[in-house]
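Heads up: the structure comes next, in structure tokens.
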Amino acid sequence: MKLSDVQKRLQAPFPAHLVGWKPGAISKDRKRALMLAHIDARAVQDRLDAICPDAWSFEVEVVAGTRLPTVKGRLTILGVSREDIGEAPEGDLGTLKAASSDALKRCAVHFGIGRYLYDLPKQWAEWDDAKRAPASTPELPDWARPDHERSPGGAHLVQAMEQLRYELPEDLDLQREVYKHLKAALGSLHPETGSNHGRAA
């Protein structure tokens, strides 16, 4: 088994209940927040265990002289390694364990695990400052959900997306923005295309 054999499975969207939300910015009146989607390190480990349980490893090395606990992580999947830095948050959660979890998630993104979350459209939500949480959980678009969680209208969305390829707006910046979301949506809605297209059923 090679990395290319499992790439699509690694990159597949996570179930909605495994996707968490944190504020990237909070309005001045603290009533609205720009919500950023994320997954935790355990979801990454579970994904790797499900796909290649005996063929992945993760190592960390402490980075000295930094203000916050920081590590360099190296994730190896089926003999291929990717490295990235992990940093702990401020305050009580600022531990080497938190930095290691951050490094694992960052390394995983290099393999496409959870990368689609960066392509989500920006979402502002009502913010409950007392609870330090959104008043209601933001909704994920259909393309950012696994097949079994998608609405029956998914096929129509694919059709509309395909049509949009030939009717892009004239403004170049807008084209780039539409293309980014289009590519992410089509990639997730067609999980069997690409490298796995010719595999046996």
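State yes or no: is Gly187 at pLDDT below 90, loosely packed, with under 12 Cβ neighbours inside 10 Å and not hydrophobic (A, V, I, L, M, F, W, C)? Taking the combined requirement at face value, the residue does not satisfy it. Here Ile77 fulfils each of the conditions (1) within 24 Å of Ala144 (Cα to Cα); (2) modelled with pLDDT under 95 apart from (2).
Quick one: is Ala125 among the hydrophobic types (A, V, I, L, M, F, W, C) and closer than 21 Å to Ile39 by Cβ? Talk me through it step by step, then tell me what you get.
Values: among the hydrophobic types (A, V, I, L, M, F, W, C): yes; closer than 21 Å to Ile39 by Cβ: yes.
Judged against the criteria, Ala125 is a match.
The set of residues in the stretch 11-62 that are over 20 Å from Asp84 (Cβ atoms), in contact with a strand residue (DSSP E or B) (Cβ under 6 Å, 6 or more places away or on another chain) and of a type in the set (A, V, I, L, M) comprises Val19, Ala25, Ile26, Ala33, Leu34, Met35. Close contacts from the stretch 92-113, counting a first residue that is farther than 14 Å from Ile39 by Cβ and a second that is part of a helix (DSSP H, G or I), with Cβ to Cβ under 8 Å and a gap of 6+ residues or different chains, come to Ser100/Ala41. Across the stretch 26-69, the qualifying residues are those that are among the hydroxyl-bearing types (Ser, Thr, Tyr) and modelled with pLDDT under 95, and the one among them that is nearest to Ala130 (Cα to Cα) is Ser27.
The values are calculated or read from the model by the stated rules, or taken from the named source; none is laboratory data. Predicted model only: the values in this text are computed from it and were never measured. All Cβ positions, even for glycine, are placed from backbone atoms using ideal geometry, and neighbour counts span all protein chains on display.
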